[in-house]
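The values are calculated or read from the model by the stated rules, or taken from the named source; none is laboratory data. Fair warning: this is a prediction, and the values are worked out from it, not measured in the lab. Virtual Cβ from ideal backbone geometry, glycine too; neighbours counted across all protein chains shown. Note: areas computed on protein heavy atoms with side chains; ligands, DNA, RNA excluded. Shrake-Rupley method; radii C 1.70, N 1.55, O 1.52, S 1.80 Å.
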Amino acid sequence: MSKRTNRYQLGYFEEGDNTSAVIEMQRWETIDAQLKALFSILGNGVISGWILKAGDGLSVLVSPGSGHVGFVAVETTQDNNLTNLSPSSRNYIYAALQTDSYWTKNVAFGAFFDTPTDIGSLYIGYVDTDATSVTTVDMDNRPVLGFRSLIE
């Protein structure tokens, strides 16, 4: 019989004990469910940074920052330069999960004409452009992580 924690009845082992695939699966399923519940309460949004600033020509810089995207904690540690902005249009900037985001906390930024439909992206703001440069940067109405928005 394996040892279990008092609160969540998670199986645990001590040196010399044999492991059990069933107990390991129960433990990780419980942790997974608890983390999902926590992220559902906190929600998706910017925690800090990811400030948009007009770059040279048809580009925008996204400052380092962190947030929850698609219920995954992600962050960037350097400026990201988006150079693929479309001229004479509104470019919506989104942070998007990568295939390795769950393990590396990586996130990529992209410019879109419309709202992406997948759950793995987070609105950061928009930039308007003319034929050669960024004319407007707007970060109003971007989601801020739940507890931060309550404070603000």
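Here the simple spin-label model places points 7 Å from the Cα toward Cβ, and for Asp138 and Ile41 these points are separated by 3.5 nm. In this simple spin-label model, placing a label point 7 Å from the Cα along the Cα-to-Cβ direction at both Met25 and Arg7 gives a separation of 2.6 nm.
Simple spin-label estimate for Ile51 and Ala33 gives 4.3 nm between the two label positions (7 Å along the Cα-to-Cβ direction from each Cα).
For the chain, the solvent-accessible area works out to 63 Å² per residue, with a probe of 1.4 Å and every protein chain left in place.
Using only side-chain charges placed at the Cβ, +1 for Lys and Arg and -1 for Asp and Glu, the dipole size of the chain relative to its Cα centre rounds to 400 debye. Cross-link partners for Lys36 among the lysines, with Cα-Cα distance under 30 Å and sequence neighbours closer than 8 places in the same chain left out: Lys3, Lys105.
Listed highest first by mean packing, meaning other Cβ atoms within 10 Å per residue, what order do 9-18, 82-91 come in?
The most tightly packed comes first, giving 82-91, 9-18.
Solvent-accessible area of Thr104, all protein chains in place: 70 Å² (probe radius 1.4 Å, heavy atoms, ligands and nucleic acids excluded).
With n ≥ 4 as the cut-off for DSSP H runs, can you work out [θ] at 222 nm for the chain, using -39500 (n - 2.57) per run divided by the number of residues, rounded to the nearest 500?
Only helices count here, giving -6500 deg cm²/dmol.
The figure for Met25 is an accessible area of roughly 110 square angstrom, using a 1.4 Å probe on the protein chains alone. Rolling a 1.4 angstrom probe over the range 1-123 with all protein chains present gives an accessible area of which 54% lies on carbon and sulfur atoms.
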